[in-house]
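Read-outs throughout are calculated quantities, based only on the coordinates presented, and are distinct from any laboratory measurement. Only a predicted model underlies this, so the values are computations on that prediction, with no experimental measurement involved. With ideal geometry, Cβ positions are generated from the backbone for all residues, glycine too; neighbour counts draw on all protein chains shown.
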């Protein structure tokens with residue numbers, strides 16, 4: 001990041017409005033794992049990505065900026081991004097939560113800023129700064145502590161569930177780098193909407209049969225509606241506005257609180273238990289994620 005960019009970030013306000021927006025992002029994305037857990041109590045795994053993508057796309061389509069047309073030559077690239085960034089992880093999260101508590105899911109999801117640094121280094125073939133290397137190492141130590149404190153009998157997680165979550169975070173990390181070119185060209189919301197539409201289409205083969213295996217429940221429908229409309233739709237709008245108002249450095253503050261929100265909600269509403277080691281690991285991950293966001 002250049003000194004001029006740093007200056008612009010420093011000059012941007014971060015007052016009550018920005019804190020409110022950051023809180024909404026943290027609450028919306030942090031609660032997503034609770035809503036997934038509620039949904040899979042009643043519906044098959046394949047229904048979750050199908051429903052959240054349908055509700056999310058409907059919410060995004062309400063904004064004119066999201067309805068911008070995409071050139072035919074770029075549709076294949078955006079379709080691929082939709083498959084990797086949404087179809088795969090949106091299926092992996094409910095699949096993982098069959099054997100991982102929502103609080104542990106939120107803790108591990110907090111590692112996305114860290115895996116994004118690794119993805120950027122691989123894709124750009126540029127070695128990150130020494131400080132970011134240290135930040136990544138700190139983050140991975142935190143992930144190891146969460147896993148060691150959670151995997152095992154009655155500890156809230158299975159090994160394969162944790163691996164599913166790590167795979168999902170890697171999908172997010174790589175596609176967040178690969179999608180930047182398209183987002184600069186068309187705008188974030190339009191790229192997200194088209195990704196969600198393609199991901200919805202890709203989710204149909206597993207989602208439609210899963211509907212027949214599920215039982216209707218109002219709590220599951222409400223959870224999927226909130227998960228899709230807010231978590232997969234409106235939260236991206238708020239986050240985009242926040243990045244413009246607060247800058248790239250302070251705009252991600254809300255993201256760092258999502259694991260804490262997920263943990264509190266899981267303990268409060270799902271009667272989940274977490275070990276001290278897992279909580280320590282979550283704190284270490286948050287520190288590593290915060291360090292990765294700081295300008296070099």
Specify which of the listed residues (28, 45, 87) is touching a residue at least 24 places away in the same chain (Cβ under 8 Å), buried (at least 21 other Cβ atoms within 10 Å of the Cβ), in contact with a helix residue (DSSP H, G or I) (Cβ under 8 Å, 6 or more places away or on another chain) and farther than 22 Å from residue 218 by Cα.
87
Residue set 203, 214; condition in contact with a helix residue (DSSP H, G or I) (Cβ under 9 Å, 6 or more places away or on another chain), outside any helix (DSSP H, G or I) and touching a residue at least 24 places away in the same chain (Cβ under 8 Å); output residue 214
I'd like to check something: does segment 113-132 contain any residue that is in contact with a strand residue (DSSP E or B) (Cβ under 8 Å, 6 or more places away or on another chain) and either surrounded by fewer than 19 Cβ atoms within 10 Å (Cβ to Cβ) or touching a residue at least 60 places away in the same chain (Cβ under 8 Å) (or both)?
no
What do you reckon, is residue 122 in a helix (DSSP H, G or I) and under 26 Å from residue 28 (Cβ atoms)?
no
Limited to segment 218-269, what total is found for residues that are surrounded by fewer than 17 Cβ atoms within 10 Å (Cβ to Cβ), touching a residue at least 40 places away in the same chain (Cβ under 8 Å), more than 19 Å from the chain's Cα centre (by Cα) and over 16 Å from residue 55 (Cβ atoms)?
3
How many residues of segment 187-196 are part of a helix (DSSP H, G or I) and either surrounded by fewer than 20 Cβ atoms within 10 Å (Cβ to Cβ) or touching a strand residue (DSSP E or B) at 6+ places or on another chain (Cβ under 9 Å) (or both)? The answer is 1
Do you know which of the residues in segment 152-177 that are without any contact (Cβ under 8 Å) to a residue 60 or more places away in the chain and buried (at least 19 other Cβ atoms within 10 Å of the Cβ) is farthest from residue 90 (Cα to Cα)?
157
Just to be sure before I move on: is residue 281 surrounded by 18 or more Cβ atoms within 10 Å (Cβ to Cβ), in contact (Cβ under 8 Å) with a residue 40 or more places away in the chain, touching a helix residue (DSSP H, G or I) at 6+ places or on another chain (Cβ under 7 Å) and under 30 Å from residue 46 (Cβ atoms) in the structure I sent?
no
